[in-house]
Amino acid sequence: MIKLLKKYGVELKLKKCDLFRLIEGQKDTFLEDGFAFKMTNEEEMFKYEVILNGIYNKTKIEGEYKRFVYETQDAIQYLNYEEKQKMFNSIISETLKNLKLMKADQQIILIPYLEPFVNERYLNNYMLLTLKQHQLYVKDYQRNIEIPYQLYGLKVLRSAFSSLKGIAEDENYEYYYYDGLKKIYIFDKKEYGLVDSFPIIDKYFQGNTSLDDIREIMTYYKQPQQFINQLHELNYLSDKVHKKIMKKLK
């Protein structure tokens, strides 16, 4: 079934995808934070997106602290450590409401390529991060696009850090949909890598897809003929393409 959808479905061009172009335009952002940058496929695009959202959060909090120090420099020189932290927490609380995040074992994660205890400090105890040894720890922590999955698994793809939308899972795989390319992506639960992907529309499709419909379609994933019929009923596949695929499936 997947081979047939790849053959008769439409593969939208990756380099014309809005997300691809957004990430390509942020090359310097990755390099400045210590990441190498080379994006050649969809899997890398989704993994760089997670990193980019983490960098945005990290940069935002660091910027808020610099502003806090500048605007309160006359007052904070008379405050102790705890008082400074409490004051900064009250200022940054509104900023945190607007940042993308996820939870891992009850810990809020703002920067998915850093460990939970470092995230906790960015969230609640930023004063510690102003100490030289802590700054060096964060700066020298390894940087590569696989780190979020080694730390948190595929949870990062189910979070606000990713444009992928979870649509199903089974014993071995998690399934995601990305509307920008109108494709379903299959990720391995143990290795966290992309196993396969396939389009769900053909070149005749016009209009919008529905995430609820796609989740419903996925209930027929183990029943290829039903799966294809559902795509056809929603006009994701035209009569012509539907007929060709069904003929091959019989």
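The values are calculated or read from the model by the stated rules, or taken from the named source; none is laboratory data. Quantities reported herein were computed from a predicted structural model and do not represent experimental measurements. In this analysis, Cβ positions are derived from the backbone assuming ideal geometry, glycine residues included, and neighbour counts consider all displayed protein chains.
Right, P148: touching a residue at least 40 places away in the same chain (Cβ under 8 Å), in a helix (DSSP H, G or I), assigned by TED's automatic domain parsing to the domain that holds T59 and under 16 Å from the mean Cα position of the chain (by Cα) or not? It would help to see each step written out before you state the result.
Values: touching a residue at least 40 places away in the same chain (Cβ under 8 Å): yes; in a helix (DSSP H, G or I): yes; assigned by TED's automatic domain parsing to the domain that holds T59: yes; under 16 Å from the mean Cα position of the chain (by Cα): yes.
Answer is yes for this residue.
Residues in segment 76-134 that are part of a loop (DSSP other than H, G, I, E, B) and among the polar types (S, T, N, Q): how many?
Of all residues in segment 76-134, those part of a loop (DSSP other than H, G, I, E, B) come to 77-80, 98-101, 105-106, 110-115, 125, 130-131.
Those still in the list that are among the polar types (S, T, N, Q) too: 77, 80, 98, 106, 125, 130.
Number satisfying all stated conditions: 6.
Does any residue of segment 21-35 turn out to be loosely packed, with under 15 Cβ neighbours inside 10 Å and not in a helix (DSSP H, G or I)?
Restricting attention to segment 21-35, the residues satisfying the condition of being loosely packed, with under 15 Cβ neighbours inside 10 Å are 21-22, 24-25, 27-28, 31-32.
Next, from what is left, pick out any that are not in a helix (DSSP H, G or I): 25.
Scanning segment 21-35, I find at least one residue that is loosely packed, with under 15 Cβ neighbours inside 10 Å and not in a helix (DSSP H, G or I), so the answer is yes.
Can you tell me which residues in segment 1-60 are farther than 18 Å from N144 by Cβ, out of contact with any strand residue (DSSP E or B) (no Cβ under 8 Å at 6 or more places or on another chain) and small (G, A, S)?
G25
Say we look at segment 151-169 and pick out the residues that are free of Cβ contacts under 8 Å to residues at least 40 places away in the same chain and out of contact with any Asp or Glu (no Cβ under 9 Å at 6 or more places or on another chain); which of these is farthest from Y65 (Cα to Cα)?
E169
Check K38, K15 and return the single one that is closer than 30 Å to F227 by Cα and either not small (G, A, S) or not in a loop (DSSP other than H, G, I, E, B) (or both).
Values: K38 fails: closer than 30 Å to F227 by Cα.
Every option except K15 fails the conditions.
Regarding segment 55-75, can at least one residue be identified that is assigned by TED's automatic domain parsing to the domain that holds Q133, part of a helix (DSSP H, G or I) and under 21 Å from G180 (Cβ atoms)?
Pass one, segment 55-75, residues assigned by TED's automatic domain parsing to the domain that holds Q133: 55-75.
This time we only want the ones that are part of a helix (DSSP H, G or I), so: 55-71, 73-75.
Next, from what is left, pick out any that are under 21 Å from G180 (Cβ atoms): 55-56.
Checked segment 55-75: at least one residue is assigned by TED's automatic domain parsing to the domain that holds Q133, part of a helix (DSSP H, G or I) and under 21 Å from G180 (Cβ atoms).
When you check I76 against the structure, is it of a type outside the set (D, E, K, R) and either closer than 19 Å to V138 by Cβ or at pLDDT 85 or above (or both), yes or no? Please lay out each step first, then the result.
On the way: of a type outside the set (D, E, K, R): yes; either closer than 19 Å to V138 by Cβ or at pLDDT 85 or above (or both): no.
So I76 does not fit the description; no.
Taking the residues in segment 153-210 that are farther than 25 Å from L101 by Cα, surrounded by 14 or more Cβ atoms within 10 Å (Cβ to Cβ) and of a type in the set (F, W, Y) as candidates, determine which candidate is nearest to the chain's Cα centre (by Cα).
By that ranking, first place goes to F198.
Would a scan of segment 217-232 turn up a residue that is over 25 Å from the mean Cα position of the chain (by Cα) and at positive phi?
Within segment 217-232, the first condition is being over 25 Å from the mean Cα position of the chain (by Cα), and the residues that meet it are 220, 222-232.
Next, only the ones that are at positive phi stay: none.
No, the conditions are met nowhere in segment 217-232.
Being of a type in the set (S, T, Y), surrounded by 12 or more Cβ atoms within 10 Å (Cβ to Cβ) and over 28 Å from the mean Cα position of the chain (by Cα) narrows it down to one residue among Y48, Y8, Y78; which is it?
Numbers: Y48 fails: over 28 Å from the mean Cα position of the chain (by Cα); Y78 fails: surrounded by 12 or more Cβ atoms within 10 Å (Cβ to Cβ).
Being of a type in the set (S, T, Y), surrounded by 12 or more Cβ atoms within 10 Å (Cβ to Cβ) and over 28 Å from the mean Cα position of the chain (by Cα) holds for just one of Y48, Y8, Y78, which is Y8.
Is it true that some residue in segment 156-169 is among the polar types (S, T, N, Q), modelled with pLDDT of 95 or more and not in a loop (DSSP other than H, G, I, E, B)?
No, segment 156-169 contains no residue that is among the polar types (S, T, N, Q), modelled with pLDDT of 95 or more and not in a loop (DSSP other than H, G, I, E, B).
Between residues in segment 75-88 that are farther than 17 Å from L131 by Cβ and residues that are hydrophobic (A, V, I, L, M, F, W, C) and in a loop (DSSP other than H, G, I, E, B), which pairs lie under 8 Å by C-beta distance while being six or more apart or on different chains?
M87/L79
State whether one or more residues within segment 85-105 are over 18 Å from the mean Cα position of the chain (by Cα), of a type in the set (D, E) and either under 30 Å from F20 (Cβ atoms) or surrounded by 11 or more Cβ atoms within 10 Å (Cβ to Cβ) (or both).
The answer is no; no qualifying residue exists.
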